[in-house]
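Colleague: Just passing along the structure, written as structure tokens.
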Amino acid sequence: FAISNIYKALKPGGVLAISDVRDKYSNPSIHFMEWVGEWYLVYRDDNGFRKIFLEAGLRTDEHSRYGLFVLPRLAGLYKINDKWYSRAGVGLGYVTPNPLAEQNMEYDFRKISPIADSVKTEQSLGSNIEINYKTKIGEESFLYFNHAFFYTQINNPVNASTDTLGIT
């Protein structure tokens, strides 16, 4: 299934090459590949593969007014050593317009109009990267440190507005 999907993504006439190459110097074509073809592979032994964890997910939501939302995500974890590891992720999201959302509570709810049919959902692409540290303290306790960075790109943001009569 995965290989057929990757193959579909190739340009017409493209070639899909899959290999189990773990040791750089066991590859007899290494010098040709790197010097002539400028094609560099990332080599990992079995232990190197055990440090990398990938997770993919797909969520679908059906909204009665706004339709179907397909929300893929991809996350990875790299274990640097027994105490340090790093995580990163990316995924799609959405928010349906809601006149009673918390950010609109500063408005007089008696003056909030129904949402116009032309208003679309907010759609977003979110990503994160973090570094983590974990160490054992005593027999049953652990100390954790985490530093995370987040970035979200919002498309079609929905913002409340008030007309000259105070109607939102």
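Where a number appears in this text, it was derived from the coordinates with a stated rule and is not lab data. The model shown is predicted, which means the values in this text are computed figures rather than measured ones. So basically every Cβ, Gly included, is an ideal-geometry build from the backbone, and we count neighbours across all protein chains shown.
Colleague: Evaluate E = 1/(1 + (r/R0)^6) for S4 and L68, where r is the Cβ-Cβ distance and R0 equals 30 Å; express this FRET efficiency to the nearest 0.05.
Modeller: 0.80
Colleague: Report the label-to-label distance for D117 and Y78 in nanometres (one decimal), using points 7 Å from each Cα along the Cα→Cβ vector.
Modeller: 5.1 nm
Colleague: Still on this model: In the structure displayed, which of K51/K136; K11/K120; K8/K51; K79/K136 lie more than 24 Å apart, Cα to Cα?
Modeller: Exceeds cut-off: K11/K120; K8/K51.
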